[in-house]
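Colleague: Sharing a structure with you now.
The values are calculated or read from the model by the stated rules, or taken from the named source; none is laboratory data. The model shown is predicted, which means the values in this text are computed figures rather than measured ones. When we count neighbours, we look across all protein chains shown, and the Cβ atoms used for this are built from the backbone with ideal geometry, even at glycine. These area figures cover heavy atoms from the full protein model, side chains too; ligands, DNA and RNA do not enter into them. Shrake-Rupley method; radii C 1.70, N 1.55, O 1.52, S 1.80 Å.
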Amino acid sequence: MRTFSWMGAALAMALAAAGCGGSAKPASSASDADKPEVADSQHLTEFQKSRLLGHYTTEDGKHGFILDRTATPPRARLDGESAYEELTEQGSVSGAVEYTSPSKKIWLRVSKDSGDVMLFQGPGLTEGVSVMRDADAEQLK
């Protein structure tokens, strides 16, 4: 029994030394990186921006582009191009919106509900094809 009580005391001292004695950090000591981002309907959060800005690639990996919907109007740049194009919104099938570039090099169909890019048509493609968001991207400026 004596061994058990010494083990308990040793464990209590080890926990106290490790800082597990129940003391919490004051709220003021939390860094900005630890604070959750809060939507305020005035500014986009980083998560909201990430849903509106990204790099997309066709399933075969042959075509890619950056789509930036953080700007008005939305912008897109094909891989290998140096300049972006502003996109014009037009009607589409129910539940979607379509975007085209002035040069007609870029055509996109986007879901109104989720914001997911449903189809892409670009140079060398004769019809819209599926794409996947595969990376974050910098805003097009």
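Colleague: Quick one: pull the percent of accessible area on the stretch 74-119 belonging to carbon and sulfur, 1.4 Å probe, ligands and nucleic acids left out. Please report the intermediate quantities before stating the final value.
Modeller: Numbers: 1150 of 2600 Å².
Answer for the stretch 74-119: carbon and sulfur cover 44 percent of the accessible area.
Colleague: Can you give the Rg and Dmax of the stretch 77-117 based on its C-alpha atoms, in angstrom?
Modeller: When restricted to Cα atoms, the stretch 77-117 yields Rg and Dmax of 11.1, 34 Å.
Colleague: Let me ask something else about it. Residues of the stretch 71-97 with the amide nitrogen closer than 20 Å to a label point 7 Å from the Cα of residue 130, along Cα-to-Cβ, please.
Modeller: From the stretch 71-97, the list is 93-97.
Colleague: Further question: Over what distance in Å are the Cα centres of the stretch 117-136 and the stretch 31-73 separated?
Modeller: 18
Colleague: Relative to the compact-globule scaling 2.2 N^0.38 Å, provide the ratio for the alpha-carbon radius of gyration of the stretch 61-141. Before the final figure, lay out the partial values.
Modeller: Working: Rg = 11.8 Å, N = 81, 2.2 N^0.38 = 11.7 Å.
So the Cα radius of gyration is 1.01 times the expected 2.2 N^0.38 Å.
Colleague: So, one more: How do 101, 94 rank by accessible surface area computed with a 1.4 Å probe, from largest to smallest? It would help to have the intermediate numbers written out before the result.
Modeller: On the way: 101 0, 94 120 Å².
Largest to smallest exposure gives the sequence 94, 101.
Colleague: For the stretch 59-76, take each phi angle, set θ = phi - 60°, evaluate the Karplus expression 6.51 cos²θ - 1.76 cosθ + 1.60, and give the result in whole Hz per residue in order, putting x for glycine and proline.
Modeller: 4, 7, x, 7, 10, x, 7, 9, 10, 10, 9, 7, 9, 10, x, x, 10, 8
Colleague: Whole-Hz Karplus ³J(HN,Hα) for the stretch 78-94, in order, using 6.51 cos²θ - 1.76 cosθ + 1.60 and θ = phi - 60°, x for Gly and Pro?
Modeller: 6, 4, x, 8, 9, 10, 8, 10, 7, 9, 9, 7, 9, x, 8, 5, 3
Colleague: Residues with amide H under 5 Å of residue 118's amide H, sequence separation 5 or more or different chain, H placed in the peptide plane at 1.01 Å from N; which?
Modeller: Here 109, 110, 111 satisfy the definition.
Colleague: Given a 1.4 angstrom probe, what's the average accessible area per residue across the stretch 95-139, in square angstrom?
Modeller: For the stretch 95-139, the per-residue accessible area is 56 Å².
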